[in-house]
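Remarks on the structure that follows.
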Amino acid sequence: MQGIGTILPLILMFVLFYFLLIRPQQKRQKAVKQMQSDLKKGDKIVTIGGLHGFIDSIDDNKAVIKCGDGSRLTYERSAIRDVVESAPEDKLAKKD
């Protein structure tokens with residue numbers, strides 16, 4: 001009976017860590033992965049370095065970002081931190 005009394009706080013601590021630390025981190029990673037896979041041309045984005053720009057072209061691993069002065073920089077897709085504004089849908093798709 002005393003063995004359960006010493007193991008119970010450890011189990012409780014693990015459950016607490018899971019719900020407070022591990023699970024939210026997994027949800028964030030899943031959301032970032034989904035955002036990075038949904039990137040498309042014309043999205044206004046922010047990189048992990050703080051660069052703001054628009055996606056000019058994108059492929060499996062790289063994205064070409066058009067900056068304010070018209071220059072184009074190539075970044076890894078994983079370097080994109082956030083989508084500030086999604087690209088508008090095509091006007092042709094809305095007419096159908």
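Just so you know, all these numbers are worked out from the coordinates, no wet-lab data involved. Here the structure is a predicted model, which is why all the values come from computation and not from measurement. Heads up, the Cβs are rebuilt from the backbone with ideal geometry, glycines too, and the neighbour counts pull from every protein chain shown.
Summary of computed values
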{"read-out": "Where Cα atoms sit under 20 Å apart: lysine pairs in the chain separated by 8 or more or lying on different chains", "value": "16"}
{"read-out": "Note, ³J(HN,Hα) from phi for the stretch 8-15, Karplus 6.51, -1.76, 1.60, rounded to Hz, x at Gly and Pro", "value": "4, x, 5, 5, 4, 5, 4, 4"}
{"read-out": "Among beta bridges that DSSP assigns inside the chain, antiparallel share in %, nearest 5", "value": "100 percent"}
{"read-out": "Whole-Hz couplings from phi, Karplus 6.51/-1.76/1.60, listed for the stretch 71-88; x for Gly and Pro", "value": "6, 10, 10, 9, 10, 5, 4, 6, 7, 8, 8, 8, 9, 7, 8, 6, 5, x"}
{"read-out": "Given (i) 1.05; (ii) 1.31; (iii) 0.98, the label whose value is Rg/Rh (Cα atoms, Kirkwood Rh) derived from this model", "value": "(ii)"}
{"read-out": "Under 5 Å, built H, 5+ apart or other chain: amide partners of K62", "value": "R77"}
{"read-out": "Tilt relative to the chain, helix 23-37 - C-alpha long axis, 0 to 90 degrees, to 10", "value": "20 degrees"}
{"read-out": "Label-to-label distance, nm, for residues given as L8 and D59 (7 Å Cα→Cβ offset)", "value": "6.1 nm"}
